[in-house]
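Here the structure is laid out as structure tokens; the discussion comes afterwards.
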Amino acid sequence: MKTLADGSEVVARSYYYMLDWNEQDEWTAITKNYGTNKLCLLNLTQYRELFMYATMHEPTIFKY
């Protein structure tokens, strides 16, 4: 488990997915929407929002 800024814990698998996705996105979405480039500084609501955004936009980020 990985701990977020508000003390919430998320599954490590999703956290590492988000790290990879953010790297591919060049940290644009997280910086633009939340003013940070660190997942651990997000609260659970922000993390969920970014995760939903990432999974919806994955085909445009990861070029298979």
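Values as computed for the structure displayed
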read-out	value
Matching residues in segment 1-47 - criterion: being of a type in the set (S, T, N, Q) and under 20 Å from residue 57 (Cβ atoms)	14, 22, 24, 28, 31, 33, 36, 37, 45, 46
Residues that are outside any helix (DSSP H, G or I) and surrounded by 14 or more Cβ atoms within 10 Å (Cβ to Cβ), drawn from segment 28-42	36, 42
Segment 43-54, subset assigned to a helix (DSSP H, G or I) and in contact (Cβ under 8 Å) with a residue 12 or more places away in the chain, residue surrounded by the most Cβ atoms within 10 Å (Cβ to Cβ)	47
Residue that is nearest to the chain's Cα centre (by Cα) [pool: residues in segment 17-64 that are modelled with pLDDT of 95 or more and of a type in the set (Val, Ile, Thr)]	30
Residue count, segment 1-17 (criterion: closer than 18 Å to residue 36 by Cβ and surrounded by fewer than 10 Cβ atoms within 10 Å (Cβ to Cβ))	1
Any pair with Cβ under 8 angstrom, 6 or more apart, that starts in segment 1-20 at a residue that is in a strand (DSSP E or B) and ends at one that is of a type in the set (Asp, Glu)	2/9; 3/9
Residues that are under 23 Å from residue 9 (Cβ atoms) and of a type outside the set (S, T, N, Q), drawn from segment 22-34	23, 27, 29, 30, 34
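The values are calculated or read from the model by the stated rules, or taken from the named source; none is laboratory data. Bear in mind that the values here come from a model prediction, so they are computed numbers and not experimental data. With ideal geometry, Cβ positions are generated from the backbone for all residues, glycine too; neighbour counts draw on all protein chains shown.
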